[in-house]
Amino acid sequence: MKMKKIKIEDVALRADVSPTTVSRVMNNRGPISEKTRKKVNDAMEELGYFPNEVARSLFGNKTKTIGLLFPNTSNPFYGCMINEIEKILAAKNYKTLICNTENDIEKETQYLKMLLGNQVDGIIVGSRNRPSDIYQKANLAIVSLDRFVSKKVPNVRSDNYAGACLAIDYLIGKKCKKIVLINGNTEETNGSDLRMNGYIDTMEKHNRQVLVYHVDFDREMTYHNERLNEILDAHPDIDGAFATADTLAGLLKTISVERKQEIEIVGYDGTEIFLGLVGNISTIRQPVKEMAQVSVDVLLDAIAGIYTEDNKEYVLSVEFLEKRY
């Protein structure tokens, strides 16, 4: 059976008011008595009428909707960050559209075009892909989180360089003689390149051998296992490791235990999920709640017309958390 589409005229008839009055109630325009407002809202609920958000946005030029572009929600760091951002925006009466790019540049581009075409008020980008010209040309409020996407887009990130220095200083303090870096991404737009620089500079400061290995973060788990085993096969005397993501650190710990190889490991992210499940790995904790808050604040300022200068960076301090056992 074909369902009848409820129209604004149907709501007006049920509430015994004019269509214009219904429109004013939906868009909060003009003087409307509480009695009339209740009649209209009750009629909408009874009929199951949901206003067209795009149409409503034409009155105030705002959709009260923010697009979130992230690689995925299954990664503990991204999952926690998206959750915090959504909570902050919801408290400010904003809705969110979450887009998982899966680190596919084509998918990211299509999602970006969709968000721009659907007239969201702004976008927070946590993607790990190369910068796109669309970000540079987009006439919309955009904030990048941890990743650099354009010179004109403000960037919010943790102090990746300082975090790496803390990790290596700790490993050296633990008398580790051969310390390797397991880097999860090779993109220059990614925060992990700053972590790599912090590792290299600290190692060279202490006259230590630099050993950098890249493990493509976007590949399947089988690849990760094979790659980490290859690294340990090549260097059976490794006794210290800094992984630029907790997920890699956790996998490395599991493999080293299976191989009965003693390795002191430091990860990076320090999400509540990771800390709750894993207690035998030290990590650098990113201030997720603070990063989410700053990202939203900067974005909403931009939406309100308060723009920051190009290349603006908001760098938040990290914290070293030593393993519990």
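Pairs are defined by a Cβ separation below 9 Å, a sequence spacing of at least 6 or placement on different chains, a first member in region 268-280 that is more than 20 Å from Phe242 (Cβ to Cβ) and surrounded by fewer than 17 Cβ atoms within 10 Å (Cβ to Cβ), and a second member that is at pLDDT 85 or above and β-branched (Val, Ile, Thr); the pairs so defined are Glu272/Val288.
Give region 103-124 a look and list any residue that's over 16 Å from Val149 (Cα atoms) and of a type in the set (Asp, Glu), or say none. Matches in region 103-124: Asp121 only. Of the residues making up region 246-272, those that are touching a Phe, Trp or Tyr at 6+ places or on another chain (Cβ under 9 Å) and in a helix (DSSP H, G or I) number 5.
Mind checking whether some residue in region 232-251 is in contact with a helix residue (DSSP H, G or I) (Cβ under 6 Å, 6 or more places away or on another chain), surrounded by 13 or more Cβ atoms within 10 Å (Cβ to Cβ) and at positive phi? No; the residues of region 232-251 include none that is in contact with a helix residue (DSSP H, G or I) (Cβ under 6 Å, 6 or more places away or on another chain), surrounded by 13 or more Cβ atoms within 10 Å (Cβ to Cβ) and at positive phi.
Would region 9-19 turn up any residue that is under 25 Å from Gln119 (Cβ atoms), at pLDDT 85 or above, part of a helix (DSSP H, G or I) and not assigned by TED's automatic domain parsing to the domain that holds Asn118? The answer is yes; a qualifying residue exists.
Is it fair to say Leu69 is modelled with pLDDT under 85 and surrounded by 11 or more Cβ atoms within 10 Å (Cβ to Cβ)?
Spelling it out, it is not the case that Leu69 is modelled with pLDDT under 85 and surrounded by 11 or more Cβ atoms within 10 Å (Cβ to Cβ).
The set of residues in region 92-114 that are part of a helix (DSSP H, G or I) and either β-branched (Val, Ile, Thr) or at pLDDT 95 or above (or both) comprises Ile105, Thr109. Working only within region 21-39, note down all residues that are at pLDDT 85 or above, under 42 Å from the mean Cα position of the chain (by Cα) and farther than 21 Å from Lys62 by Cβ. Listed by number, the residues that qualify are Thr21, Glu34, Lys38, Lys39.
The values are calculated or read from the model by the stated rules, or taken from the named source; none is laboratory data. As the structure is a prediction and not an experimental result, all values here were calculated from the model. In this analysis, Cβ positions are derived from the backbone assuming ideal geometry, glycine residues included, and neighbour counts consider all displayed protein chains.
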